[in-house]
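Below is one structure, written out as structure tokens, with a few remarks after it.
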Amino acid sequence: MRIARVLLLTFALVLVAHAPAQAQEYFAYVASESADEVSLIRFDGTEAVVQEAVPVGQIPVETEGAHGMTVSPDGEHWFVSIAHGKPFGRVVKYETGTNRKLEAAEVGLFPATMQISDVTGLLYVVNFNLHGEPEPSTVSVVETESMTEVQTIETGIMPHGSRLSPDHQKHYSVGMMDGTLYEIDVVSGEVSRTLKTGEGMTKPTWVQPHPSKPVAYVAHNGADEVVAVDLDAWKVTERFATGEGTSPYNLDVTPDGSTLVVTYKGSGETGIWDVETGTRRALVENTRGVSHGVVITPDSRYAFVTAEGVGGEPGAVDVIDLSTGEKVAHADVGAQAGGIAFWKMQAGEAASR
């Protein structure tokens with residue numbers, strides 16, 4: 001009997017050892033501004049493909065400018081900001097999976113980056129406002145069930161980089177043309193603090209809070225640097241020089257807090273930085289020459305980076321393995337690929353060992 005049990009256990013272990021491993025699949029939505037199109041990207045660990053391309057414009061003869069992307073915290077809806085309106089832009093809500101259009105909200109001039117707070121359930125979109133004289137613009141607050149703008153909060157000149165603190169209690173954005181970091185208390189709906197993050201025309205284009213530390217990183221597009229802001233002390237504590245002509249644009253931090261990923265719009269590259277040491281671990285050349293957005297997978301393994309393309313080139317989504325610092329896949333999408341939002345991870349088809 002004992003011999004039989006040993007043989008049975010050995011047979012079971014052999015079966016497990018030779019069982020096919022489950023592959024992991026990753027899905028993200030990316031907006032292509034000059035194509036008025038949103039693409040659903042699927043990456044299976046080896047290949048990145050466009051699973052579906054969704055037209056999001058409503059005026060066939062005009063380029064309306066699909067710009068920013070976000071996915072609701074429950075993963076059931078995605079949202080895209082449409083920058084060019086008559087006169088205002090809008091945010092449009094779609095159902096994930098089916099990619100069926102639902103509702104739209106009219107917001108401000110040139111809506112850009114956005115995110116939804118778990119605390120209020122509201123969407124916060126910065127109105128970049130490229131039109132007319134430079135003057136303070138706003139963050140539009142949108143109730144996402146009815147898709148209604150319920151509040152506008154005045155911040156800075158050409159606000160960008162709409163991001164929430166890890167507890168979703170604070171909203172952060174930067175004024176590109178006034179060099180200021182703005183903090184909004186989402187419960188009160190008021191600007192709670194402001195901070196000049198640099199001197200001269202630093203042109204901040206993004207702010208990204210760390211997932212577990214009281215730190216936010218700000219990209220100074222006009223000064224070729226990223227700065228770290230201590231959110232408790234409310235001051236700049238570190239500066240990371242990215243290199244002349246790099247023009248850092250968008251940022252993301254891995255969920256495990258170890259790695260900062262920076263797109264370099266000027267040089268068409270992506271920098272991978274070690275958060276603890278403040279040193280760059282890798283520099284990756286993107287598939288197209290104008291790097292734009294970045295989002296990191298929840299397991300901290302991959303960065304999905306958008307590159308706009310130049311002239312008649314298509315846009316691209318590059319997948320970078322953060323453990324090796326190498327580009328492992330890319331997919332062509334519509335022209336001027338920009339905003340990108342991660343949707344989900346799921347087990348894919350079985351992979352051979």
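Only one entry in Ala28, Ala35 is outside any strand (DSSP E or B), touching a strand residue (DSSP E or B) at 6+ places or on another chain (Cβ under 9 Å) and in contact (Cβ under 8 Å) with a residue 60 or more places away in the chain, namely Ala35.
Across region 319-346, the qualifying residues are those that are buried (at least 16 other Cβ atoms within 10 Å of the Cβ) and charged (D, E, K, R), and the one among them that is farthest from Thr306 (Cα to Cα) is Asp321. Only a single item in (1) closer than 30 Å to Glu76 by Cα; (2) part of a strand (DSSP E or B) is not met by His168, and it is number (2).
Screening Pro159 with (1) touching a residue at least 60 places away in the same chain (Cβ under 8 Å); (2) under 21 Å from Arg90 (Cβ atoms); (3) surrounded by 21 or more Cβ atoms within 10 Å (Cβ to Cβ) gives one miss only, at (1). Scanning region 322-343 turns up one or more residues that are in a strand (DSSP E or B), charged (D, E, K, R), out of contact with any strand residue (DSSP E or B) (no Cβ under 6 Å at 6 or more places or on another chain) and in contact (Cβ under 8 Å) with a residue 24 or more places away in the chain.
Counting the residues of region 279-321 that are of a type in the set (Ser, Thr, Tyr), in a strand (DSSP E or B) and over 15 Å from Ala28 (Cα atoms) gives 2. Here Glu276 qualifies as over 16 Å from Gly161 (Cβ atoms), part of a loop (DSSP other than H, G, I, E, B) and of a type in the set (D, E, K, R). Would region 142-152 turn up any residue that is surrounded by fewer than 22 Cβ atoms within 10 Å (Cβ to Cβ) and under 26 Å from Val261 (Cα atoms)? Checking region 142-152: not a single residue is surrounded by fewer than 22 Cβ atoms within 10 Å (Cβ to Cβ) and under 26 Å from Val261 (Cα atoms). Looking across Ser173, Ser165, one residue alone is surrounded by 17 or more Cβ atoms within 10 Å (Cβ to Cβ), under 18 Å from the mean Cα position of the chain (by Cα) and more than 19 Å from Ser81 (Cα to Cα). It is Ser165.
Every condition in (1) surrounded by fewer than 18 Cβ atoms within 10 Å (Cβ to Cβ); (2) modelled with pLDDT under 95; (3) in contact with a strand residue (DSSP E or B) (Cβ under 6 Å, 6 or more places away or on another chain) is met by Gly198 except one, and the failing one is (1). Only one of the numbered conditions (1) part of a loop (DSSP other than H, G, I, E, B); (2) farther than 23 Å from His210 by Cα; (3) within 19 Å of the chain's Cα centre (by Cα) is not met by Pro255, and that is (2). Of the listed requirements (1) in a strand (DSSP E or B); (2) charged (D, E, K, R); (3) touching a Lys or Arg at 6+ places or on another chain (Cβ under 9 Å), Arg163 misses just one: (3). Thr279 falls short on exactly one of the conditions (1) β-branched (Val, Ile, Thr); (2) more than 21 Å from Val319 (Cα to Cα); (3) touching a His at 6+ places or on another chain (Cβ under 8 Å), and that condition is (3).
Kindly evaluate Val229 against the criterion of being modelled with pLDDT of 95 or more, buried (at least 20 other Cβ atoms within 10 Å of the Cβ), more than 19 Å from the chain's Cα centre (by Cα) and over 16 Å from Leu322 (Cα atoms). Against the criterion (modelled with pLDDT of 95 or more, buried (at least 20 other Cβ atoms within 10 Å of the Cβ), more than 19 Å from the chain's Cα centre (by Cα) and over 16 Å from Leu322 (Cα atoms)), Val229 qualifies.
Within region 119-135, the set of residues being of a type outside the set (A, V, I, L, M, F, W, C) and over 17 Å from the mean Cα position of the chain (by Cα) comprises Thr120, Gly121, Asn129, His131, Gly132, Glu133, Pro134, Glu135.
The values are calculated or read from the model by the stated rules, or taken from the named source; none is laboratory data. These numbers were taken from a predicted model, which means no experiment stands behind them. Backbone-built Cβ (ideal geometry, glycine too); neighbour counts: all protein chains shown.
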